[in-house]
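Q: Here you go, one structure.
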Amino acid sequence: MNCLVKKIFVLISLSVFLLPLSAKELDKTQKKAVKKAAKMKVVEVVEDEGAFQAKKVVFSLGKMKYLLKGALGTYQLYVLDEKKNPVPVFSTQDEFSSTFFDLKIDNRVYRLNDSSVTVTGARRGDLGGQMVFSVPKKARVFTKYEKMAAPANLKGEVIKVTSTILNRSTKTQTFALKNVMDTVLGEKDGSHFSTAVEENLKKERCFRKLDEAKWLLSSDGETSVQFLLYGADVTPPEMVIVSNKDFLSLPSWTPQVGGDRNFDSVLSYNNSALCIMWKDVVLEPGQIATFVYYMAINSDGEKCMGEQFISWYENKLNNKEVEEKYSVKEFEDLFQEALAKYEAEEYKEAYDIVMKLWENPDNQNERLKELKELIEKKLNPSEEDLLKEAFSENDYDYEEDMPPSGLPEPEEAPVPEEVPEVNFDLNSISAEQMNPEYVQGLINRINALEENDDSIDRNEILKLHAELDAILEKLRHE
């Protein structure tokens, strides 16, 4: 018995000892789950785009791989080579934080990947990656990286970068946007950057006009990224600077450019970066401003064809504008043709033209809708429409044939024939009598009697008039 008691005692002791440990482990697991759920919460919802979360988003699309860190507000783009190996476009150091956006509101500058002042999120869009940066109660910056369609003969990928500022404050303020990208490809052979007019930029430079340079390219000979900053619908930058990444990361808004400095600093050697700055914009509460540029990206030694893309896309945009102008003229010409056919009572032909226009939702305005309804009434008239038309087309005025009143009777006037009073009860009027064909027959009968001057049956005419009056009266009450 003593041995059994000892065993029971040991089991009870172990259960008491293990129970709190299990509870602690369970509590720890729950806390992790809660913490994870908190990180996955929706931080922003952008109109017509969707919800953004503070999470990591990784996916591939075309020849590009996206890695977006929603919790940190940082991002990285990779080019996939022939073996599907990802080659980074920007620096991979420090969670990609050396590639960033700055937002200036009046005179204060906000680093948008600084979690102490912004709320950030990421999501995958239909055409690429999307990031959102929110400065509480002040502003929101929404950035999209979208894969562009291009002709088959243009190699590589073209990414459209669109950043939109929304004024979330209650007052009108001045905003400015800056995008710094810590490039790495050109650093490998020391060429750093090239433009449309210069092959090697080995020292810092400031561009205030891009009409000649047009683009800046960073390449290691195999993989290249070409920043397209001029032409098509690109938002003209106020300033573009290439310099050491540490100088471009300083908190001052406008970087100081010496002109003779290479891409070295006390902290980093041979480390170049690109800075794009746009002009200030004044936004009222709720207003937005949008900034656009493009990146042409290629791998396996293929040349970037960004300049050809911009030329092709610019022509496409211009043609679209011409098409839109033509479509307005085409609409007006067809509308007037349909209107003319309607007035000529060619309702079927008019309706065919109107329905051709109506197929395009952009044409469904009030003018076309009104003409469409008028023609439909002619093609499919209601009984009321037919009655109104029958009465409007009949030029018979039965009041002219009524006996004149207020005139002196002539001498030896014949005794007028006694005419019985004819009354019609409105309730006695049947649906058949209100039929347009019946009413038209009634009118035709009156006309026929009136035209027969030899033997006018006044009694019948009065009865027919009384019946016609009753039908009209009932129509007015319905």
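Q: Out of segment 247-303, which residues are among the acidic types (Asp, Glu) and modelled with pLDDT of 90 or more? Talk me through it step by step, then tell me what you get.
A: Going through segment 247-303, the residues among the acidic types (Asp, Glu) turn out to be 260, 264, 280, 284, 300, 302.
Once the filter is applied, which keeps residues that are among the acidic types (Asp, Glu) and modelled with pLDDT of 90 or more, segment 247-303 yields 280, 284.
To keep it simple, each residue is scored yes or no on (1) loosely packed, with under 13 Cβ neighbours inside 10 Å; (2) hydroxyl-bearing (Ser, Thr, Tyr); (3) without any contact (Cβ under 8 Å) to a residue 24 or more places away in the chain.
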position	(1), (2), (3)
298	no, no, no
311	no, yes, no
328	yes, no, yes
336	yes, no, yes
357	no, no, no
361	yes, no, yes
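Q: If you don't mind, another one. Against the condition in contact with a strand residue (DSSP E or B) (Cβ under 9 Å, 6 or more places away or on another chain) and surrounded by 23 or more Cβ atoms within 10 Å (Cβ to Cβ), how does residue 178 come out, does it pass?
A: The answer is yes for residue 178.
Q: Let me ask something additional. Does residue 114 qualify as being part of a strand (DSSP E or B) and over 17 Å from residue 272 (Cβ atoms)?
A: Taking the combined requirement at face value, the residue does not satisfy it.
Q: Would you mind stating whether residue 395 is exposed (fewer than 10 other Cβ atoms within 10 Å of the Cβ), at pLDDT below 80 and either out of contact with any Lys or Arg (no Cβ under 9 Å at 6 or more places or on another chain) or closer than 27 Å to residue 475 by Cα (or both)?
A: Details: exposed (fewer than 10 other Cβ atoms within 10 Å of the Cβ): yes; at pLDDT below 80: yes; either out of contact with any Lys or Arg (no Cβ under 9 Å at 6 or more places or on another chain) or closer than 27 Å to residue 475 by Cα (or both): yes.
Judged against the criteria, residue 395 is a match.
Q: Turning to a different aspect of this structure: Return the residues of segment 135-144 that are assigned to a strand (DSSP E or B), open to solvent by 10 Å² or more (accessible area, probe 1.4 Å) and in contact with a Phe, Trp or Tyr (Cβ under 9 Å, 6 or more places away or on another chain); say none if nothing qualifies. Explain how you work it out, then say what you get.
A: From segment 135-144, those assigned to a strand (DSSP E or B) are 135, 139-144; that's our starting set.
When the remaining residues are screened for being open to solvent by 10 Å² or more (accessible area, probe 1.4 Å), the result is 140, 142, 144.
Of everything in segment 135-144, those that are assigned to a strand (DSSP E or B), open to solvent by 10 Å² or more (accessible area, probe 1.4 Å) and in contact with a Phe, Trp or Tyr (Cβ under 9 Å, 6 or more places away or on another chain) turn out to be 140, 142.
Q: Next up: Within segment 80-90, work out how many residues are open to solvent by 50 Å² or more (accessible area, probe 1.4 Å) and in contact (Cβ under 8 Å) with a residue 24 or more places away in the chain.
A: Number satisfying all stated conditions: 1.
Q: Report, ordered by the first and then the second residue, all pairs with beta carbons closer than 7 Å, sequence separation of six or more or different chains, a first member in segment 428-444 that is closer than 17 Å to residue 460 by Cβ and open to solvent by 20 Å² or more (accessible area, probe 1.4 Å), and a second member that is part of a helix (DSSP H, G or I) and not hydroxyl-bearing (Ser, Thr, Tyr).
A: Once the first residue is closer than 17 Å to residue 460 by Cβ and open to solvent by 20 Å² or more (accessible area, probe 1.4 Å) and sits in segment 428-444, its partners that are part of a helix (DSSP H, G or I) and not hydroxyl-bearing (Ser, Thr, Tyr) give 433/471.
Q: Pick from segment 48-79 the residues that are under 20 Å from residue 158 (Cβ atoms) and open to solvent by 20 Å² or more (accessible area, probe 1.4 Å): which of them is nearest to the chain's Cα centre (by Cα)? Lay out the reasoning, then the answer.
A: Narrowing segment 48-79 to residues under 20 Å from residue 158 (Cβ atoms): 59-68, 75-79.
Next cut, open to solvent by 20 Å² or more (accessible area, probe 1.4 Å) only: 60-63, 65, 67, 78.
Working: 60: 25, 61: 23, 62: 24, 63: 27, 65: 26, 67: 26, 78: 29 Å.
Per the criteria, the residue is 61.
Q: Of all residues in segment 145-178, count the ones that are in a loop (DSSP other than H, G, I, E, B) and in contact (Cβ under 8 Å) with a residue 12 or more places away in the chain.
A: 11
Q: Across segment 335-352, which residue is modelled with the lowest pLDDT among those that are closer than 14 Å to residue 370 by Cα and hydrophobic (A, V, I, L, M, F, W, C)?
A: If we take residues in segment 335-352 being closer than 14 Å to residue 370 by Cα and hydrophobic (A, V, I, L, M, F, W, C), then 335 is modelled with the lowest pLDDT.
Q: Considering only residues that are surrounded by 19 or more Cβ atoms within 10 Å (Cβ to Cβ) and more than 22 Å from the chain's Cα centre (by Cα), which ones fall in segment 270-296?
A: 271, 272, 273, 274, 275, 276, 277, 278, 295, 296
Q: Sticking with this one: Applying the selection to segment 230-251, what residues are touching a residue at least 12 places away in the same chain (Cβ under 8 Å) and part of a loop (DSSP other than H, G, I, E, B)?
A: Once the filter is applied, which keeps residues that are touching a residue at least 12 places away in the same chain (Cβ under 8 Å) and part of a loop (DSSP other than H, G, I, E, B), segment 230-251 yields 230, 231, 232, 233, 234, 235, 236, 237, 238, 249, 251.
Q: Just one of 264, 260 is open to solvent by 70 Å² or more (accessible area, probe 1.4 Å), under 16 Å from residue 205 (Cα atoms), touching a residue at least 12 places away in the same chain (Cβ under 8 Å) and out of contact with any Leu (no Cβ under 8 Å at 6 or more places or on another chain); which is it? Break it down into steps so the answer makes sense when it comes.
A: On the way: 264 fails: open to solvent by 70 Å² or more (accessible area, probe 1.4 Å).
Result of the check over 264, 260: 260.
Q: Here is a list: 130, 93. Which entry is polar (S, T, N, Q), out of contact with any Cys (no Cβ under 8 Å at 6 or more places or on another chain) and buried (at least 19 other Cβ atoms within 10 Å of the Cβ)?
A: The unique qualifying residue is 130.
Q: While we're on this one: For segment 143-182, give me each residue that is more than 23 Å from residue 308 (Cα to Cα) and of a type in the set (S, T, N, Q).
A: 143, 163, 164, 167, 169, 170, 172, 173, 174, 179
The values are calculated or read from the model by the stated rules, or taken from the named source; none is laboratory data. Please read these numbers as outputs of a predicted model, since none were measured by experiment. In this analysis, Cβ positions are derived from the backbone assuming ideal geometry, glycine residues included, and neighbour counts consider all displayed protein chains. These area figures cover heavy atoms from the full protein model, side chains too; ligands, DNA and RNA do not enter into them. Shrake-Rupley method; radii C 1.70, N 1.55, O 1.52, S 1.80 Å.
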